[in-house]
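Chemist: Have a look at the structure that comes next, please.
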Amino acid sequence: MAFFSMRQVLDEAAKGGYGVGAFNVNNMEQIQAIMEAARETKSPVIIQASRGARSYSQDKFLYHLMLAANELYPEIPLVMHLDHGNSVETCKSAIDLGFTSVMMDGSLMPDGKTPASFDHNVKTTREVVEMGHAKGVTVEGEIGVLGGVEDGHGAGGSGLEHVTDPDQAVEFVERTGVDALAIAIGTSHGAYKFSKKPDGSVLKMGVLLEIHKRLPKVHLVMHGSSSVPKELQDVINKYGGHLKETWGVPIEEIQLGIRNGVRKINVDTDNRLAITGAIRKVFAESPEKFDPRDYLKPAREAMKKVVAERMVQFGQAGHAGDLREPVSLAEMAKKYAQAVVGV
Ligand code: G3H
Ligand code: 13P
Ligand code: ZN
């Protein structure tokens, strides 16, 4: 079966009132962990690769691993998405490779660090929407800027520096025609999001509710949505790691978002923590071991457990069967041309 477009999966999620996790990958074990979790929970899923992931893996490797995933798990609706594309060219190269969905993150300049002007964001995102929709590919845009830096990507600083302005969100959607809208509500990429359990002063769920009220039909995306559970931090620290105390986004806040238009939830850090903890445990408890499978297997299992838990919490579990066949990209392109895409 072909990959699904993200638009088809998010439209279905909107009908069912659930969210879909978008999990980052760099290698085979992470893809396997996600697919096993999806099979166990009967979930549709979005797998995403950042620019860093594409260069780490020589993206052709990643692409062919994704084809294998699709072949081996035919009952799982699977989207292949580019995370945080920094330019029109990056998005084009992902589309040319076979991604069925791309994010044009025009909230930052192509250096991936400097906050961009609204006009730059609109112009580049609109260009990607025109290019993507002509091929039936889904396009996510971002308005407002997240905190933190991942793999050289991000403006740094606190997540509160560039919280999304709801007026701008409305204008951005009107002028770009994006399928999904990432908003900034105080979260950051990475493990260090909040110094205590976040309340409304730092995690701006009110902004999300306001945007949903103004744009009730738009699929909202929450980035930086790892929950950074204490149990995962503890495993790392118990086996020689040094993570400072930190808090992520509580699951109940994500669920509040899902009840208010959030359809895609980006999670990377929680999986990184699970993998690292599992590997550290093997190294600490069995220092004589040197076969990579001895630590990659538990790492894969630890990630699968986190992903399966999120799939249940986001509500996508049990919904794989809602999406029987992918609408082909050619068909999606026709629908965009006729302006008949949507729920
Ligand atoms: O955008 C953030 C994701 O966690 C991807 O991170 O750019 O280090 O691959 P990365
Ligand atoms: P986390 O770092 O919270 O997992 O966020 C990942 C993300 O937003 C990827 O785009
Ligand atoms: Zn992100």
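Chemist: Please identify the chymotrypsin sites (Phe, Trp or Tyr not before Pro) of the range 280-343 that satisfy two criteria: DSSP loop assignment and at most 13 other Cβ atoms within 10 Å. Which are they?
Modeler: Sparse-neighbourhood loop chymotrypsin sites (Phe, Trp or Tyr not before Pro): Phe290.
Chemist: Could I have the simple spin-label model distance between Lys244 and Ala337, label points 7 Å from Cα toward Cβ, reported in nm to one decimal?
Modeler: 5.5 nm
Chemist: Calculate, for Glu40 and His64, the FRET efficiency according to 1/(1 + (r/R0)^6) with r their C-beta to C-beta distance and R0 22 Å; round to the nearest 0.05.
Modeler: 0.35
Chemist: Once phi is turned into ³J(HN,Hα) by the Karplus curve 6.51 cos²θ - 1.76 cosθ + 1.60 with θ = phi - 60°, what whole-Hz value does each residue of the range 182-188 show in order, with x for glycine and proline?
Modeler: Listing the rounded values in order: 7, 10, 9, 10, x, 8, 9 Hz.
Chemist: In a shell of Cβ-Cβ distance under 10 Å around Lys238, excluding Lys238 itself, what net charge do Lys and Arg (+1) and Asp and Glu (-1) give?
Modeler: +1
Chemist: If we count GluC sites (Glu not before Pro) as exposed when they sit in a DSSP loop and have at most 12 other beta carbons within 10 Å, what is the longest stretch of the chain that avoids them all?
Modeler: Answer from the scan: 76-244.
Chemist: Ser101's amide H: which non-local residues (gap 5+, or another chain) put their own amide H closer than 5 Å, with H modeled 1.01 Å from N in plane and none for Pro or chain starts?
Modeler: Met80, Leu82, Thr138
Chemist: For the range 196-212, what does the Karplus curve 6.51 cos²θ - 1.76 cosθ + 1.60, with θ = phi - 60°, yield as ³J(HN,Hα) per residue in whole Hz, taken in order and with x for Gly and Pro?
Modeler: Result, rounded to whole Hz: 8, 3, x, 10, x, 6, 10, 10, 8, 5, x, 5, 4, 4, 5, 5, 5.
Chemist: Once you mark the trypsin sites (Lys or Arg not before Pro) that are in a DSSP loop and have at most 11 other Cβ atoms within 10 Å, what is the longest gap between them in the chain?
Modeler: The longest uninterrupted stretch comes out as 1-195.
Chemist: Just the Cα atoms of the chain, one point each, no solvent: what log10 I(q)/I(0) does Debye give at q = 0.07, 0.10, 0.11 Å⁻¹?
Modeler: Summing over Cα pairs of the chain leads to -0.26, -0.54, -0.66.
Chemist: Taking 7 Å along the Cα-to-C-beta vector as the label spot, tell me the Glu288-Asp199 distance in nanometres, rounded to one decimal.
Modeler: Label-label distance for Glu288 and Asp199, simple model: 5.4 nm.
Chemist: Calculate, for Glu325 and Arg214, the FRET efficiency according to 1/(1 + (r/R0)^6) with r their C-beta to C-beta distance and R0 35 Å; round to the nearest 0.05.
Modeler: That pair, Glu325 with Arg214, gives E of 0.55.
Chemist: Considering only Cα-Cα distances, which of the following residue pairs are longer than 23 Å: Lys264/Lys305; Lys230/Lys289; Lys213/Lys264; Lys15/Lys123?
Modeler: From the list (Lys264/Lys305; Lys230/Lys289; Lys213/Lys264; Lys15/Lys123), the Cα-Cα distance tops 23 Å for Lys230/Lys289; Lys15/Lys123.
Chemist: Further question: Whole-Hz Karplus ³J(HN,Hα) for the range 21-33, in order, using 6.51 cos²θ - 1.76 cosθ + 1.60 and θ = phi - 60°, x for Gly and Pro?
Modeler: Each residue's phi maps through the Karplus curve to give x, 10, 9, 7, 9, 10, 8, 5, 4, 5, 5, 4, 4 Hz.
A short reminder: the numbers here are calculations on the coordinates, not readings from a lab. Values in this document were obtained by computation on a predicted structure and should not be read as measured data. Note: ideal-geometry Cβ built from the backbone for every residue, glycine included; neighbour counts use all protein chains shown.
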